[in-house]
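Step one of this worksheet: look at the structure below.
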Amino acid sequence: MSRLFLAVLVMTAVTILTRAAPFLFFSRRKPPAFLGFLQVYVPPVIMSLLVLGALKEVPFNEAPYGIPAVAGIVLAAALHLWKRNVLLSIAGATTLYMMLIRIL
C-alpha cells in the first residue's frame with residue numbers, strides 16, 4: 001500500500017511541476033520561437049499518429065473492411081470542423097463506431 005501511495009505522490013508532484021514549468025520559466029521573459037513552432041506543428045502530428053495507430057490493427061481485407069473505423073474517423077473530423085468541439089467530436093465518432101461494429 002505504501003508503494004502505491006508513493007507512486008501516486010510522485011505522479012502528482014511531476015504533474016504539478018510540468019503544469020507550472022511554463023509559468024516558472026517564462027514569467028519574466030518571452031518564450032523562444034522554437035516553442036511557438038512546437039505549439040503550431042506538434043498537435044497535428046500527434047493526431048495523425050493517433051489515427052494511424054488506431055488504423056494499424058483494422059483488418060481491411062475482411063468484413064466489415066474497416067468501415068466502422070473509417071466512418072468514425074470521418075465523422076470525428078467532420079464534427080470537429082463543423083462545431084470545433086472536441087467532446088462532441090469524440091462522443092459522436094465513438095457512438096457511430098460502436099453502433100457500426102454491432103450492426104456490421
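The values are calculated or read from the model by the stated rules, or taken from the named source; none is laboratory data. Predicted model only: the values in this text are computed from it and were never measured. Protein only, heavy atoms only, side chains kept; ligands, DNA and RNA dropped before computing areas. Shrake-Rupley method; radii C 1.70, N 1.55, O 1.52, S 1.80 Å.
Could you check, for segment 62-73, whether at least one of its residues is over 19 Å from Met98 (Cα atoms) and of a type outside the set (Gly, Ala, Ser)? Among the residues of segment 62-73, not one is over 19 Å from Met98 (Cα atoms) and of a type outside the set (Gly, Ala, Ser), which makes the answer no. Does Arg19 qualify as being among the charged types (D, E, K, R), open to solvent by 60 Å² or more (accessible area, probe 1.4 Å), modelled with pLDDT under 95 and in a helix (DSSP H, G or I)? So Arg19 passes the test.
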